[in-house]
Amino acid sequence: MKKNEMKAGGKKPPEVRSREQMEDRAFNRMLLWLVAVAAVEVVMLLINRFYIHTRVNELSVSIFLHKALAVFPVVGVVLFVVFLLLARKRYAVYRQEGGKDGIGQLMLAFTFLAIGVFGFIMRMLNAETAPIVLAVIPGIGVLIMVYYLYQKEFLGCALVGALGLLGLCLFRAYAAGTLYYVYLAVVVIVAVAGLVLAQKLKASGGVLRWKDKALTILQPNAAYLPYYLTVVLTVVVLLAPLALGAAAAYYAIWVIAAWLFILAVYFTSKLM
């Protein structure tokens, strides 16, 4: 009798089991995306080794890669569309009959697209600028982890901070050229759009309304101040090198990295 009571008492409530299943599913999805990011990084490392840093006795390989990388975007887009359609079909079956939801096909679609795009970019870079791509891809992996493990407001901070880090790397590689000014303009537009969206979410309790639809993006008690501060800091550090030079860009990278680390500690404490 007591044994049966202990077993009954040890059972978790349905809502707890359901939440744990959702968390396990999300964690497994995160791992799949990280595997995809790792695969893209491995391909880029191979391109960096045999195309960017080719040796004299490997010139034939370099010539082949120069031709192959030119068609990488086309192949990547074609495979992206094919696997995206397969994922959509699988998801339609999943909603009706259950089973797999097509996340594997979706992961392959974006993996091939990323390989095509980044491979083509690597074709146009040299030994000094190629490391930017090699750093961007792991950065995407970090953002994926933030998306699955942390609050969405921290994801917004991380995205803006990542744009700042990339911009500073571009400044160090290309100085204050047209590319940097265009990138700076894009970052300012994105930051302003993010501020407008944040204000709307704050006024509506984290719910984004469009016509008759409502989408919950943030929790009612979400912290908006860290995002505002991140936007201001990012814009300031992107403007600073224009007046202070490349040395300021180097130190600004550490400023943003330190700020993101502080935010990571802050949002981690909020999870406890």
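The values are calculated or read from the model by the stated rules, or taken from the named source; none is laboratory data. What you see is a predicted model; the values in this text were computed from it and never measured. Please note: Cβ atoms are built from the backbone with ideal geometry, for glycine as well, and neighbour counts cover all protein chains shown. To get the accessible areas, we keep the full protein, side chains included, count just its heavy atoms, and leave off ligands, DNA and RNA. Shrake-Rupley method; radii C 1.70, N 1.55, O 1.52, S 1.80 Å.
A simple rule links phi to the HN-Hα coupling: the Karplus curve 6.51 cos²θ - 1.76 cosθ + 1.60 with θ = phi - 60°, which for segment 139-156 gives x, 4, x, 5, 5, 5, 5, 4, 4, 8, 9, 10, 5, 5, 5, 5, 4, x Hz, with x for Gly and Pro.
Between segment 51-72 and segment 192-207, how many Å separate their Cα centres? For segment 51-72 versus segment 192-207, the Cα centre distance is 48 Å.
Each label point was placed 7 Å from the Cα along the Cα-to-Cβ direction; for Leu46 and Leu229 their separation is 4.5 nm. Counting only alpha carbon atoms, the long axis of helix 14-47 and the longest principal axis of the chain meet at about 10°. The gain in end-to-end length when the Ala38 to Thr216 segment is fully stretched comes to 61.0 nm, 0.36 nm per residue minus the alpha carbon separation. A cut-off of 5 Å between modelled amide H atoms, ignoring neighbours fewer than 5 places along the same chain, links Ala175 with no other residue.
Computed with a 1.4 Å probe over protein heavy atoms only, the accessible surface of the chain comes to 63 Å² per residue. Solvent-accessible surface (1.4 Å probe) assigned to Lys270 amounts to roughly 80 Å². Relative protection proxy for 261-269, 89-97, 143-151, from highest mean packing down: 143-151, 261-269, 89-97 (other beta-carbon atoms within 10 angstrom).
When a 1.4 Å probe is rolled over the protein heavy atoms, the share of accessible surface on segment 105-253 that falls to carbon and sulfur comes to 73 percent. Annotation: amide H of Leu208 within the under-5 Å range of Leu215, Thr216, Ile217, sequence separation 5 or more or interchain, hydrogens built in the peptide plane.
Among the listed values (i) 64, 41, 31; (ii) 79, 45, 44; (iii) 47, 44, 41, the one computed from these coordinates for Cα extents along the principal axes in Å is (ii). For the chain, the longest principal axis of the alpha carbon atoms and the long axis of helix 103-123 meet at an angle near 10°.
All other residues whose Cβ lies under 14 angstrom from that of Lys89 are scored, Lys and Arg at +1 and Asp and Glu at -1, for a net of +2.
Couplings for segment 256-264, taken from phi via the Karplus curve 6.51 cos²θ - 1.76 cosθ + 1.60 with θ = phi - 60°, read 5, 4, 5, 5, 5, 5, 4, 5, 4 Hz in order; Gly and Pro are left as x. Run lengths n ≥ 4 of DSSP H only: what is the helix-derived mean residue ellipticity at 222 nm for the chain, with -39500 (n - 2.57) per run over all residues, to the nearest 500? -28000 deg cm²/dmol, from helical runs alone.
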